[in-house]
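Reviewing the structure listed below.
The values are calculated or read from the model by the stated rules, or taken from the named source; none is laboratory data. Because the structure is a prediction, the values reported are computed rather than measured. Glycine also receives a Cβ, built like all others from the backbone with ideal geometry; neighbour counts cover every protein chain displayed. Just so you know, the surface numbers come from the protein's heavy atoms only, side chains and all, with ligands and any DNA or RNA stripped out. Shrake-Rupley method; radii C 1.70, N 1.55, O 1.52, S 1.80 Å.
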Amino acid sequence: MKPDELSPSLLADWESAVGFRLFSEREVPTLTVPEQIAASIGERILSDQLMPGERIGEQELADEFEVSRGPIRDALRILEREGLVTLIPRRGAEVTALTAQELQDLMEIRVGLFEIAARKLMAQRPADLHALLTMGLQRLETLAVDPDGGSDYVETTYRTMILVGRLTGNHRLHRMMTSISLQTLRYSKLGLASVERRQRSVALLREGIAATARGDVDQLVAVTRQRIEESAQQAMHALQAAGRNRKVRP
């Protein structure tokens, strides 16, 4: 299937950079200064330029962005709301740590939201749905076998899912799906780091697209849940292994 089978507006959204992914639910992002700063810092966190537990200095950011500390604090509150930054009284801000409990909590919510979206989409059958899923699958198939494709694979999945969420026509649902997908992005990179895991994910996505074409909503929901849960299990193993390594480190 060719990309131009998508509607022009959805294709433009797909091809555009996701520089403002914190605010990707907006049709045309018009951001305040704190939102622009939050988007920039958020990108650093999601691309591992800022690592879990790393301190974020207000004054350093104020100097970098040439603003007072007020907009920086507002930006950090936005990032705290999205689960990317933790504000600690009298200590300042740091990148939110990855934990097994947060992973479990996020995945429970994500499964529920995606089930609601799947059932709504199957009832509505929007014209762009199959073309969007198929184009996403084509790109993911290439990244699944690339040893260095893990990060791009997760990013492509994220971009596809937020556009799928927009097709539901439910703005609140789309916003919630975008937020929860953003918060799980770092965990997804752990869960889909290996070629084997990405190939398994692609196989399940194919099953989901086939179920969509058949109109089999229960199978679509089951496969979607399986994809999310298997990725979460692998991310959990990675977190546990990292914890063991820290304990034995001299």
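Worth pointing out:
- Amide H partners (placed H, <5 Å) of T168, local residues excluded: none
- Axial C-alpha extent at least 27 Å, average Kyte-Doolittle at least -0.5 - helices from the chain (DSSP): 100-124, 171-191, 195-214
- Part-to-part distance (alpha-carbon centres) for region 137-199 and region 68-88, which is given in Å: 25 Å
- Projected label distance in nm at D48 and S68, using a 7 Å step from Cα toward the beta-carbon: 3.9 nm
- FRET efficiency, 1/(1 + (r/R0)^6) with R0 25 Å, evaluated for D146 and A210 via beta carbons: 0.55
- Cα-centre dipole for the chain with unit charges at Cβ (Lys and Arg positive, Asp and Glu negative), debye to 20: 740 debye
- Probe 1.4 Å, protein heavy atoms only - accessible area per residue of the chain in square angstrom: 50 Å²
- Cβ-based charge dipole, region 131-211, positive-most Cα from I180, T134, N170: N170
- Note on Q104 and L173: the model spin-label points, each 7 Å out from Cα along the C-beta direction, lie 2.9 nm apart.
- Dipole magnitude of region 62-119 about its Cα centre (Cβ charges: Lys, Arg +1; Asp, Glu -1), debye to nearest 20: 200 debye
- Full extension of the segment from S194 to Q240, taken as 0.36 nm per residue of separation minus the current Cα-Cα distance, would add 14.9 nm.
- With K and R counted +1 and D and E -1, the other residues having a Cβ less than 11 Å from that of L140 yield a net charge of 0.
- Extension gain for Q124-A97 works out to 5.8 nm (0.36 nm per residue, less the C-alpha to C-alpha distance).
- In terms of packing, defined here as the mean over residues of other Cβ atoms within 10 angstrom, the peptides 68-74, 85-91, 47-53 line up highest first as 68-74, 47-53, 85-91.
- Remark on L50: its backbone amide H falls under 5 Å from those of I45, a criterion applied only to residues 5 or more positions apart or on other chains, H modelled at 1.01 Å from N.
- Carbon + sulfur, % of accessible area of region 46-190 - ligands and nucleic acids excluded, 1.4 Å: 50 percent
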